[in-house]
Amino acid sequence: MFHTFAFFCLYCCCLVGVFVDSDPVKSVSVMEGDSVTLDSTVTEIQEEDTITWRFGHQKTEIAKIDKDIEMFSTSDGPDGRFRDRLKLDPQTGSLTITNTRTTDSGEYEVTIRGKRVTTIRFTVTVYAHLPVPVISRDCSSSSSSSSSCSLVCSSVVNVSHVTLSWYKGISVLSSISVCDLSISLSLPLEVEYQDKNPYSCVLNNPISNQTTHLDINTLCHTCEESTSHQEPTSQPESTSQPDSTQLCHCHTYAVSPEGHAPFCDSVEAVLRLVVTALMGVASAAAAVLLVNDVRASRGKTEKTEEI
C-alpha cells in the first residue's frame with residue numbers, strides 16, 4: 001500500500017512538472033569594499049518564476065522577484081546592514097552586494113520557483129584589507145652573535161584567516177597562522193651579515209597579501225651601531241648645584257675644552273679673594289683698636305703727672 005502511494009505522488013509530480021533541485025554550497029570570497037554578485041544561474045526569468053533571496057541562519061528575506069506581478073524588492077536585512085547596498089538583476093535575478101563589509105560574511109540562499117524549485121546556497125567571506133608587515137632588528141635576542149643578525153617581522157591584525165611568513169627567495173622558511181582573532185603576530189628570523197639571499201616577510205589571506213622585503217645592509221648592523229645612531233632623547237635641564245665631590249674633581253682642569261675657566265676654579269678664586277679681604281679688614285680693625293688703646297693709656301699718664 002505504501003509503495004503504491006509513493007509511486008502515485010511521484011507520478012503526480014511528473015504530471016505538473018515540479019522538481020526540487022539543491023546544488024552544493026558555493027564558496028565566495030571578496031575584499032572589503034568591493035562588490036560581489038551571487039549568481040542565480042537563471043538565464044532569463046519566466047512569467048511564472050518567483051525568486052527569493054535569504055541571509056543568515058534565520059533565513060531572513062532580503063530580496064524578492066515575482067515576475068507574475070512585476071515585483072522587484074530588496075530589504076535592509078538584519079540591523080539594516082544592507083541598506084542601499086543590494087541590487088537585483090531584473091533579467092536573471094542574481095543578487096549584487098555593493099561596498100561589502102566584513103559583517104556581510106555568512107550564508108546566503110536563493111530559491112527559484114517556477115516549473116521546478118531550485119535552491120542554491122552560498123557561503124560568503126568578506127576579507128578586510130591587510131596591513132603591511134614591519135621588519136625590525138631584535139637587539140634583545142640572546143641568539144645574536146658577531147656574525148649573525150636577529151630580526152623580527154610583526155603585524156597587528158584585526159582580520160580573520162591570515163598567515164605571517166618568512167620567505168627566502170620563493171621558499172617558505174617559517175610561518176604562523178590565526179583564525180578569527182585580533183592579535184599581534186610576530187615571527188623571528190636570524191641571518192648572517194654576509195648573506196646575499198633575498199628575504200621577505202609576507203602577510204596573506206586567501207585572496208590578498210602584503211609583502212615587505214628585507215634590506216640586510218640597512219637593518220643588519222650591530223646593535224651598538226643601532227643605539228649610537230638613535231636620536232638623543234631630550235632630558236629636562238638639571239637645576240641642582242654641583243656638590244662638593246664635583247667641585248673637588250673640577251680643580252684638576254685648568255681650562256675647559258671650550259677655552260673657559262671651569263666653574264669650580266672660578267669659585268675657588270672668589271673664595272680666596274673673599275678670605276683675603278676678610279683678613280685685611282680684621283687686621284685694620286685690630287690696628288685701630290691698638291691705636292685707641294695707646295691713646296687712652298697716654299691720657300691717663302698725663303693726668304697723673306698734673307696731680
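Just so you know, all these numbers are worked out from the coordinates, no wet-lab data involved. These numbers were taken from a predicted model, which means no experiment stands behind them. A quick note on method: Cβ atoms are made from the backbone with ideal geometry, for glycine too, and the neighbour counts reach across all protein chains shown.
Once the Cβ-Cβ distance of residue 211 and residue 107 is raised to the sixth power relative to R0 = 25 Å, the FRET efficiency obtained is 0.15. Using the alpha carbons alone, the radius of gyration of segment 37-110 stands to its Kirkwood radius in an Rg to Rh ratio of 0.95. With R₀ fixed at 30 Å, the C-beta to C-beta distance from residue 81 to residue 44 puts the FRET efficiency at about 0.50. Here the calculated FRET efficiency for residue 72 and residue 116, from their Cβ-Cβ distance with R0 = 30 Å, stands at 0.85, rounded to the nearest 0.05. Relative protection proxy for 192-202, 59-69, from highest mean packing down: 59-69, 192-202 (other beta-carbon atoms within 10 angstrom).
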